[in-house]
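The values are calculated or read from the model by the stated rules, or taken from the named source; none is laboratory data. Since we're looking at a predicted model, the values are computed, not measured. Cβ placement follows ideal geometry from the backbone for every residue including glycine, while neighbour counts extend to all protein chains displayed.
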Amino acid sequence: MVDGNFDQFRSFSRRFYADKPGGLLVKNNSGENKIRFNVEARIEDDASDGINEVKIFCYDMTLLTRHHNHNIEFLFHDSRLSSNMDPRQRATLFKIAYDYTHDGNAQYIASLNEDQIESMRELFEEDEFKTIISDNIVLELTDDSPKEKLLGIQADMRY
C-alpha cells in the first residue's frame, strides 16, 4: 500500500522531470500530537517556485488517485498553483489530470488566467488542446463588471 503511494508520486513527477529524482519521505512522529507520521514530498530542486508547484500537484494527484481513507473524487487548484510553472509543465499537468479524470471517475477543477491557457496552446496538438482544454472550460469570468465575476459582486478581500 505505502509502496504504491511512492510509485504513484514518482510516476507523476517523472512525467514532468524524467531526470530529477522525486519521492515521498515518511517519518514517524513520536511527539504528543495527533499527527502520526510526517510526510514530505520532494522533487530535486523544489526550492524553485515552479518545481515546488509541480511537487504539490503530484502529491495532490497521488492522494486523489490512491483513494486511501477518503471518498473524495475531485481535486481543485487555484491559478496560483501554476502561476510560476513553465508552460511545458503546465501542459503536462493538464495531460496528467485529463488521463486520470476523463473516464468520469474523478474531476479536476482549476482556475486559470487567460495567459496561462494561451501559453500552453502550442504545446498541444490542435485536437488535443480542444479535447483537454477548450472542451472542458465550464465558466469564463472577466473583470468587465461585477456580474462577470465569480460571486456576481465585487468582493474586496483584505488578506
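Just to verify a result, which residue in segment 1-35, among those that are surrounded by fewer than 11 Cβ atoms within 10 Å (Cβ to Cβ) and among the charged types (D, E, K, R), is modelled with the lowest pLDDT?
Checked segment 1-35; the qualifying residue modelled with the lowest pLDDT is ASP3.
Exactly one condition in (1) more than 13 Å from the chain's Cα centre (by Cα); (2) surrounded by 12 or more Cβ atoms within 10 Å (Cβ to Cβ) is not met by ILE109; state its number.
(1)
Given the conditions (1) aliphatic (A, V, I, L, M); (2) at pLDDT below 90; (3) crowded, with 17+ Cβ neighbours inside 10 Å, which single one is not true for LEU93?
Going through (1) aliphatic (A, V, I, L, M); (2) at pLDDT below 90; (3) crowded, with 17+ Cβ neighbours inside 10 Å one by one, LEU93 breaks only (2).
Select from segment 128-159 the residues that are within 20 Å of the chain's Cα centre (by Cα) and part of a helix (DSSP H, G or I) and write down the one among them that is surrounded by the fewest Cβ atoms within 10 Å (Cβ to Cβ).
Going through the qualifying residues, I end up with ASP135.
Residues to consider are GLU125, GLU114, GLU73; find the one that is among the acidic types (Asp, Glu), surrounded by 11 or more Cβ atoms within 10 Å (Cβ to Cβ), more than 25 Å from ARG42 (Cβ to Cβ) and modelled with pLDDT of 90 or more.
Of GLU125, GLU114, GLU73, the one residue that is among the acidic types (Asp, Glu), surrounded by 11 or more Cβ atoms within 10 Å (Cβ to Cβ), more than 25 Å from ARG42 (Cβ to Cβ) and modelled with pLDDT of 90 or more is GLU73.
Residues in segment 133-144: is at least one at pLDDT 95 or above, within 23 Å of ASP60 (Cβ to Cβ) and of a type in the set (S, T, N, Q)?
no
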